[in-house]
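Q: This is the structure I have questions about; it appears just below.
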């Protein structure tokens, strides 16, 4: 849920870059999303009272990840007119691999763990397919429609995790969430959808000169 700062920030940063004025629905969406973030954080911090410092540190890393995603999306949008989508993705994968390789603990791969290796391979292929599909979608569909689909991902994740928790599966850790968390998640998604789908107004020369 907290990673939804990414599309929200991307939408508003795009407004400033392209010198647009946010509409009423966009402002409403921003306020709704902020309220949702508050509800969700409230729910999770109450659950994590015994380890609040770790929880807050995790959220700070999430905000950092959201900021890097915004930079990625802006760069992708600017370069897609000059570079093929998959060429751009290949560049991003290569740069990311080189930057993160020194931080990797290679001793983990020395232990024969076929399940872990299979999961890593699945996640790698999933990233290639997902971001490749995202780039192609941005070429063929309005960005607002693509953003709506992306915004629905957290709700699907919460629903699946809730079902798995009720089933008491042992291969994944349960993540408790109460009514405040579900309300917050719903408000965040509604707010993000309102923000990314509502058209902004172009600034008039008169308005620009007075700012």
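Laboratory data are not the source of any read-out in this text; all were calculated from the coordinates shown. Since we're looking at a predicted model, the values are computed, not measured. Backbone-built Cβ (ideal geometry, glycine too); neighbour counts: all protein chains shown.
Q: Could you put 125, 30 in order, starting from the residue whose Cβ has the fewest other Cβ atoms within 10 Å?
A: Sorted ascending by nearby Cβ count, the order is 125, 30.
Q: With each pseudo-label sitting 7 Å past Cα toward Cβ, what's the residue 25-residue 59 distance in nm, one decimal?
A: 3.0
Q: Would any residue of the stretch 144-180 have its amide N under 16 Å from a label point 7 Å out along Cα→Cβ of residue 113? List them or say none.
A: Within reach of a label on residue 113: 171-173.
Q: Where does each of 46, 98, 155 land when they are ranked from fewest to most other beta-carbon atoms within 10 angstrom?
A: 98, 46, 155
Q: On a 0 to 90° scale, report how tilted helix 114-140 is relative to the longest principal axis of the chain, with both axes built from alpha carbons and the result rounded to the nearest 10.
A: 10
Q: Given the Cα-Cα distance of residue 99 and residue 161 and 0.36 nm per residue of separation, how much length would full extension add, in nm?
A: Here the answer is 19.1 nm.
Q: If neighbour count is taken as other Cβ atoms inside 10 Å, put 160, 190, 27 in order from fewest to most.
A: 160, 27, 190
Q: So, one more: Kindly state, to the nearest 0.05, the FRET efficiency for residue 125 paired with residue 50, given R0 = 35 Å and r defined as their beta-carbon distance.
A: Efficiency, from the Cβ-Cβ distance: 0.40.
Q: Bins of 5 Å, beginning at zero and ending with the bin holding the largest distance: percent of Cα pairs per bin for the chain, please.
A: The percentages, shortest bin first, are 1, 6, 10, 15, 17, 16, 15, 10, 5, 2, 1, 1, 0, 0.
Q: Same structure again: Given Cα positions, please report Rg to Rh for the stretch 137-176, the hydrodynamic radius being the Kirkwood one.
A: That ratio equals 1.24.
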